[in-house]
1. Any residue in the range 360-375 that is modelled with pLDDT of 95 or more, surrounded by 14 or more Cβ atoms within 10 Å (Cβ to Cβ), of a type in the set (Val, Ile, Thr) and out of contact with any helix residue (DSSP H, G or I) (no Cβ under 6 Å at 6 or more places or on another chain)?
2. Six or more apart or on different chains, Cβ atoms under 8 Å: show the pairs whose first residue is in the range 132-160 and part of a helix (DSSP H, G or I) and whose second is modelled with pLDDT of 95 or more.
3. Within the bounds of the range 193-207, is there any residue that is of a type outside the set (Lys, Arg), touching a His at 6+ places or on another chain (Cβ under 9 Å) and assigned to a strand (DSSP E or B)?
4. If we scan the range 281-297, do we find a residue that is more than 22 Å from residue 251 (Cα to Cα) and surrounded by fewer than 18 Cβ atoms within 10 Å (Cβ to Cβ)?
5. Go through the range 298-321 residue by residue and tally those that are loosely packed, with under 12 Cβ neighbours inside 10 Å and more than 29 Å from residue 276 (Cβ to Cβ).
6. Quick check on my filter: what residues within the range 161-190 are touching a helix residue (DSSP H, G or I) at 6+ places or on another chain (Cβ under 9 Å) and outside any helix (DSSP H, G or I)?
7. Taking the stated definitions as given, is residue 270 buried (at least 17 other Cβ atoms within 10 Å of the Cβ), among the hydroxyl-bearing types (Ser, Thr, Tyr) and more than 24 Å from residue 408 (Cα to Cα)?
8. When you go through (1) surrounded by fewer than 21 Cβ atoms within 10 Å (Cβ to Cβ); (2) under 28 Å from residue 370 (Cα atoms); (3) modelled with pLDDT under 95 one by one for residue 255, which number turns out not to apply?
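The values are calculated or read from the model by the stated rules, or taken from the named source; none is laboratory data. Given the structure is predicted, the values throughout are model-derived calculations rather than measurements. Ideal geometry is used to build each Cβ from the backbone, glycine not excepted, and the neighbour counts take in all protein chains shown.
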Amino acid sequence: MTACRRPLAATFALLTAAALTATAPAAAEAAREPTTDTSATVAAAATMAAAAPAPASPPAGATAAVPRPEGAPAAEPDLAEIERRTKRLDAEYQLRLKERELGLAELELERRTLTAHAAVEEARGAAERAAAASELARLTLERSCAEQESAVARLRREGELAEARHALEVAEARRLADATVTSSVQYRAEPFVDGVLHVSDRRIPLNGVIDDALADRVTDAIAFFNNRSRELPIFLVIDSSPGGSVMAGTRIVRAMQSSEAPVHVLVKSYAASMAAVLVTTADHSYAYPNAILLHHQLWAMTTGNIRQTERNLAMMQEWDRRLVEPICAKIGMTQEQFVAAMYAHDPDGDWSEFADEAARLGWVGHVVKDVREEGVSALGDAREQVGTRVSLTRPTAAISIDDLPPLGPFDAWFVHAPRAAGGREGGKSNPQ
């Protein structure tokens, strides 16, 4: 079958399609390459168009193209059109490539902008952190300096206070040293020498009303000094005592009589009633010349019926006998003579004498010219600050019968007290 020749338009269309198909790989390769040679693209398209096979016969029923006359030359492809189309495609490709490059450049610019912004923010944050750290370091340094200055000031104040305290302590120590005796006490087996009584620190004060509390202190002290030494003398010093409870007083008498260490009793001012009994019955007794001693009978008020009154009177008479008999044995009188002499010297029976006359009567052993209190080791407040070797005497207030506390069973007051309202001086008892 004789093939029909395609018209020139159909042939050009086929050539164009073949050229586009053949240039697609090249276009793709050009997209990967930044630059493309346009003349090479055009030459490649022309070569592929020339080498393309002749188109097949149209299918049955298709309209036959105008046949090319025999012997007529084949139609040349329209290279100008191909080149034009190729340039257009290349221009579009270059446009897209530029657009892509522009987009990449915009993205790169945005990335660099963000990076620069981040770097600026980081630098700002670092600067702020550095400023904060610097401020913190400054504040820390200031606080440290302030603490050191405060510590130095505190140490300076403490040093000044320590110096002032030390100066006060030195001054106080000097003052106390001036008011304190540190030399040792000389203990004498015979303390009474040439009319002078040497009292050591084995000294017991007895002042005021003799009651159970005072008797406890005196008897305990006698026992203590006996435990220290049973040879050295003990001194019972009475500054002023109006007497007191017969039970408490007889306890002291018994402690003095049973003491292995000799007990020396000294009266400096006044000893009456029970206190005078202690002086007169002592084996060793002394008094200042102007000291006063007073003896009298028990005196009491009692209530009750006749039998109760008789029983109370019998108890009082027995106490009086027990107290007066040792005195009478010491002074060489009978009890009746002693009582009669009391009322002979005073209508109330209060027989008082100065120490020199009391010594002649036998109430006291010796009248002293002087007393050396060798146990007194401190004066003034130094007694409380550093202590003293002896318990010193405290002044006692005058008492009235109404001021005396209640007595225990079978006890009696043997005390010389000022007159109470509506009463008289003497003693009162509480016999049961």
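1. Yes.
2. The qualifying pairs do not exist here.
3. Here is the first cut: in the range 193-207, the residues of a type outside the set (Lys, Arg) are 193-201, 204-207.
Retained after the next criterion (residues that are touching a His at 6+ places or on another chain (Cβ under 9 Å)): 195, 197, 199.
Those left that are additionally assigned to a strand (DSSP E or B): 197, 199.
For the range 193-207, residues of a type outside the set (Lys, Arg), touching a His at 6+ places or on another chain (Cβ under 9 Å) and assigned to a strand (DSSP E or B): present.
4. Kept after step one, since they are more than 22 Å from residue 251 (Cα to Cα), are these residues of the range 281-297: 287-292.
Then drop every residue that is not surrounded by fewer than 18 Cβ atoms within 10 Å (Cβ to Cβ), which leaves 289-290.
Yes, the range 281-297 has at least one match.
5. Going through the range 298-321 one residue at a time, the tally reaches 4.
6. 179, 180 - these are the residues of the range 161-190 that are touching a helix residue (DSSP H, G or I) at 6+ places or on another chain (Cβ under 9 Å) and outside any helix (DSSP H, G or I).
7. For residue 270, the condition - buried (at least 17 other Cβ atoms within 10 Å of the Cβ), among the hydroxyl-bearing types (Ser, Thr, Tyr) and more than 24 Å from residue 408 (Cα to Cα) - is met.
8. (3)
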